[in-house]
Amino acid sequence: MDLDVVNMFVIAGGTLAIPILAFVASFLLWPSALIRIYYWYWRRALGMQVRYVRHEDYQFCYSFRGRPGNKPSILMLHGFSAHKDMWLSVVKFLPKNLHLVCVDMPGHEGTTRSSLDDLSIDGQVKRIHQFVECLKLNKKPFHLIGTSMGGHVAGVYAAHYPSDVCSLSLVCPAGLQYSTDNQFVQRLKELQESAAVEKIPLIPSTPEEMSEMLQLCSYVRFRVPQQILQGLVDVRIPHNNFYRKLFLEIVSEKSRYSLHQNMDKIKVPTQIIWGKQDQVYLLQTRIFSHVITVLDVSGADMLAKSIANCQVELLENCGHSVVMERPRKTAKLIVDFLASVHSTDNDKKLD
């Protein structure tokens with residue numbers, strides 16, 4: 001074979017080998033960096049742009065796609081210890097003509113974390129309202145979506161700022177009071193007075209604990225490689241002290257039942273999406289090595305009875321992590337709900 005051809009193959013092989021070796025090295029040595037690159041690439045592929053906005057000395061980080069138009073803008077609030085990119089799996093299946101905004105909740109990811117910040121549910125609601133006003137998102141009423149802790153905040157937001165919101169989607173929201181909570185509250189007080197706070201299962205510090213948390217939060221059993229589990233832990237460990245502080249704040253007496261206390265004030269059309277196998281209450285009680293049998297999905301019925309214009313969607317074979325387990329179905333339910341509310345509004349205008 002001609003020497004020039006051999007050299008060409010060697011150069012081509014070397015060129016291809018460099019990114020492959022870089023990928024393998026990142027996977028083995030710096031999995032957390034690979035996870036960040038993954039989210040960056042996914043945002044770009046879906047057309048989501050990251051921006052920052054300030055309210056006085058407080059900075060909010062958010063991603064968005066599209067522009068405000070005839071249809072309501074959509075603001076999406078993530079859950080405890082997550083970030084704006086958790087919504088990407090749902091964004092993938094949402095129409096590109098919708099104006100989407102995903103914000104990092106107070107203290108999370110790119111949004112300011114301050115030791116002076118009020119992390120209670122009411123405190124977070126006020127911060128999200130500041131963000132909404134910074135973007136002038138409430139120039140026209142918008143659709144608000146929240147999951148878990150974000151659902152807790154979203155529900156209370158709709159109760160406190162009814163003119164901002166035209167409709168609401170709550171995905172497995174926290175903040176409801178169940179019949180077995182008396183035992184839970186007593187154990188919670190014991191936790192707050194002990195060192196057991198270091199062992200909150202929602203705040204993993206090893207790959208094994210991360211795997212357990214993923215299994216407890218989802219009904220679908222995802223096979224996650226050890227290196228990815230390590231990467232997920234590496235990303236979270238620097239923030240675990242904040243997560244512990246936040247956890248104790250949102251389960252404190254001040255915040256624990258905020259949604260329950262405000263649900264009868266929600267007047268906008270509301271959609272409840274819940275996985276039938278949600279077991280996060282069971283997860284929380286394991287902090288105390290004490291199992292209380294609670295069907296969290298019963299919270300959907302509580303909300304439906306208290307909110308006048310409410311529809312419930314229960315997903316079979318699905319746990320607490322609805323957004324991760326059933327993103328396509330979640331997106332379809334949201335789009336269908338918006339279409340029904342929007343068409344009803346148009347009919348009223350015609351009348």
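Computed values, structure above
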{"read-out": "FRET efficiency for Asn70 and Ile237, using Cβ-Cβ distance with R0 set to 45 Å, rounded to 0.05", "value": "0.50"}
{"read-out": "Virtual spin-label span in nm between Lys267 and Trp42, 7 Å along Cα→Cβ", "value": "3.9 nm"}
{"read-out": "For Gly275, distant residues with modelled amide H under 5 Å away", "value": "Cys172, Leu315"}
{"read-out": "Accessible area (Å², 1.4 Å probe, nearest 10) - Glu209", "value": "80 Å²"}
{"read-out": "HN-Hα J in Hz across the stretch 135-152 - Karplus 6.51, -1.76, 1.60, θ = phi - 60°, x for Gly and Pro", "value": "8, 6, 5, 8, 4, 10, x, 10, 8, 10, 10, x, 10, 6, 4, x, x, 4"}
{"read-out": "Restraint check, Lys267/Lys305; Lys92/Lys139; Lys140/Lys332; Lys71/Lys139, Cα-Cα greater than 18 Å", "value": "Lys92/Lys139; Lys140/Lys332"}
{"read-out": "Neighbourhood net charge (14 Å Cβ-Cβ; Lys/Arg +1, Asp/Glu -1) for Ile266", "value": "+1"}
{"read-out": "Accessible area (Å², 1.4 Å probe, nearest 10) - Thr112", "value": "30 Å²"}
{"read-out": "Per-residue ³J(HN,Hα) for the stretch 119-133, Karplus 6.51 cos²θ - 1.76 cosθ + 1.60, θ = phi - 60°, Hz, x for Gly and Pro", "value": "8, 4, 4, 4, x, 5, 4, 5, 5, 5, 5, 4, 4, 4, 6"}
{"read-out": "For the stretch 90-106, 3J(HN,Hα) per residue [Karplus equation, 6.51 cos²θ - 1.76 cosθ + 1.60, θ = phi - 60°, Hz, x = Gly/Pro]", "value": "7, 3, 3, 9, 8, x, 6, 8, 8, 8, 10, 9, 10, 10, 6, 5, x"}
{"read-out": "Charge sum, other residues only, whose C-beta stays under 12 Å from Pro207's C-beta, Lys/Arg counted +1 and Asp/Glu -1", "value": "-3"}
{"read-out": "Segment Lys140-Gln230, length gained on full extension (0.36 nm per residue, minus Cα span)", "value": "28.1 nm"}
{"read-out": "Interchain or long-range residues, amide H under 5 Å from His55's placed H", "value": "Phe60"}
{"read-out": "Distant-in-sequence amide H partners of Val165 (H built 1.01 Å from N, under 5 Å)", "value": "Phe142"}
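The values are calculated or read from the model by the stated rules, or taken from the named source; none is laboratory data. Just so it is clear, the model here is predicted, and its values are computed rather than measured. When we count neighbours, we look across all protein chains shown, and the Cβ atoms used for this are built from the backbone with ideal geometry, even at glycine. Surface accessibility is based on the protein's heavy atoms, side chains included, excluding ligands, DNA and RNA. Shrake-Rupley method; radii C 1.70, N 1.55, O 1.52, S 1.80 Å.
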